[in-house]
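The next block holds one structure in the form of structure tokens; read it before the comments.
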Amino acid sequence: MNRRQFLASTAQTGIAVAGSSLLAPRPRARAKDLANGRITVCCTGVKGRGNSLFNSFGAAEDVDVKYVCDIDSAILGSRQGEFESKFNRRPEAISDYRRALDDKQVDALVLGTPDHWHALPTIHACQAGKDCYTEKPDGHNLVEGQVMTAAAKKYGRVVQLGTQARSDPSLHELLAYVKQGVLGRVIMAKAWESMQQKNLGRPADCDPPASIDYDVWLGSAPKRPFNPLRFHGNWRWFFDYGAGDLANDGVHRLDFARWFLEAAVEGAGEKPIGLPRSTSASGGKYYFDDAQEWPDTMLVTYDYPGRLLTYEMRVWAPYPLEGEAEGAAIFGDKGYLIIGGKSWRHFGPKGVLIKEGTRAGDADKAHVRNFLDCMRSRAKPNADLETVGRPSSLLCHMGNIAWRVGRTVKFDYDSYSFVGDDEANALRTRAEYRKPYVLPKVEEV
């Protein structure tokens, strides 16, 4: 779909090109009885991570993947054929996810799109009466996550964020263990990324591939010349489209740390920690001389009442931290816990190993299954956007903003703004949403 077609379709579907909403709420079809019936989905954005989701939903016995959607026709045709070979079913290929939202048979939208294309499809799905599985983080910025959550609540939709570890059964067993109070009084937690990456270089701008509509791919982001680094895979390293490695891999590790810090506090019989009262960050492009805009080295500190949560990024390091290339640690006065990608270890006083275990590994299918089950029951999923996904994403967005302004920031959750800091508040959202890809206004309920 090209820009002219997009603008034409917006006029036909009630999109306010000059107003505050890209898509007016559509009349919702009568809800299907999903208690025993099959669930019909559209998988959108299937290049990288989205292709894994495409296959996970395709493998679910009670799911019909009716549509596969992508703005890259080369990827779209390839994925359609691969899916048919694997599952003996051929989903319809579309380039505009709104076609699926107009289909009364479709129950959910599955998003593997870049960060800057998380908010609009999620909000539109909720407005159309569809549930949504959205990759992390919750959106490109703080305000997008706020509007996404408001839409999910207003329209009563199930929205699962793609922090898959929340559905790892081995971590739920570990959670119960930690809630026994085995770590004592917990004061600090830490999350880190120490996974060596490559220099991206500085390729020249060029013409976009003939297989894509570059204007639609840009969406709400500013119009810029096409560059291969600001596209498939590498978009996440640029301010316009992603939130750096803090919200790429870091959101998983911070989610671990926050989750198990809360469990340890509960195990010690203390009050819930809530959300941080202030955030500070330092770092920068210290190692790689390339086009990436986000830091390759970073330290973030989240100050809670009586506790600290820290995040460390060293994406140039060829060695692990605490024996794990990426992980989280919870520190108490009776011992500490290390959670890695494949295992966990509990140490007591003087660093004596007390207990260890392995993780279940790939939790994708379990996370998809949890989402599907909650679509039927209408219960909150394991990574519910409001109660799990948004709080962990908030940590990433606040850390990035603290780094960009170069000082400690204090966030007021009632007003959803930084206290006395105009520069930080300007970074809560885009300076301008390029029309017609404007963020809708959804009143919170």
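Please name whichever of Val159, Leu175, Pro114 sits farthest to the positive end of the charge dipole of the range 98-209, dipole taken about the Cα centre and charges placed at Cβ: Lys and Arg +1, Asp and Glu -1.
Value computed over the given set: Leu175.
So which residue, out of Leu218, Leu200, Leu337, gets the largest mean-square fluctuation from a GNM of the chain using Cα contacts under 10 Å as springs?
Leu200
Using only the Cα atoms, what convex hull volume per residue in Å³ does the range 60-114 have?
With only Cα atoms used, the range 60-114 gives 87 Å³ per residue.
Using Cα pairs closer than 8 Å and at least 6 residues apart in sequence, work out the relative contact order for the range 316-438, in percent.
9
Could you work out which residue, out of Gly340, Gly77, Gly37, moves most in a Gaussian network model of the chain, that is, has the largest mean-square fluctuation with Cα springs under 10 Å?
Looking only at Gly340, Gly77, Gly37, the biggest GNM fluctuation is shown by Gly37.
State the number of lysine pairs found in the range 232-360 whose Cα atoms come within less than 21 Å, restricting to pairs 8 or more positions apart or on distinct chains.
The result is 4.
Using a simple charge model, +1 on the beta-carbon of Lys and Arg, -1 on the beta-carbon of Asp and Glu, nothing else, what dipole does the chain show about its Cα centre, in debye to the nearest 20?
The calculated dipole for the chain is roughly 660 debye.
To the nearest 500 deg cm²/dmol, what mean residue ellipticity at 222 nm is calculated for the chain from DSSP H runs of n ≥ 4 alone, each contributing -39,500 (n - 2.57), summed and divided by the residues?
So the calculated ellipticity at 222 nm is -9000 deg cm²/dmol.
Taking a cut-off of 28 Å between Cα atoms, list the lysines near Lys66, but don't count ones fewer than 8 places away on the same chain.
Lys32, Lys47, Lys86, Lys104, Lys130, Lys136, Lys153, Lys154, Lys365, Lys380
Going toward the positive end of the dipole of the chain, with +1 on Lys and Arg Cβ and -1 on Asp and Glu Cβ, which of Ser280, Ala247, Tyr416 do you reach last?
Tyr416
Within the range 221-320, report the trypsin sites (Lys or Arg not before Pro) that DSSP leaves as loop and that have at most 16 other Cβ atoms within 10 Å.
Filter output for the range 221-320: Lys223, Arg277, Lys285.
Report the calculated FRET efficiency for Phe87 and Ala291 (r = Cβ-Cβ distance, R0 = 45 Å), to the nearest 0.05.
Using R0 = 45 Å, I get an efficiency of 0.70.
Kindly work out what percent of the DSSP beta bridges joining two residues of the chain are antiparallel, to the nearest 5.
Approximately 60 percent, going by the DSSP bridge assignments.
May I ask for the net charge around Pro222, where only other residues with Cβ less than 10 Å from the Cβ of Pro222 are counted and Lys, Arg are +1 while Asp, Glu are -1?
Here the count lands on +2.
Peptides 150-161, 54-65: what's the order by average Cβ count within 10 Å, highest mean first?
With the highest mean Cβ count within 10 Å placed first, the list reads 150-161, 54-65.
Return the single residue from Val68, Val388, Val182 with maximal mean-square fluctuation; model: Gaussian network over the chain, springs between Cα atoms under 10 Å.
Taking springs between Cα atoms under 10 Å, the residue moving most is Val182.
Every read-out reported here was derived from the displayed coordinates using simple, explicitly stated rules and does not represent laboratory data. Remember, it's a predicted structure, so these values are computed and weren't measured experimentally. Virtual Cβ from ideal backbone geometry, glycine too; neighbours counted across all protein chains shown.
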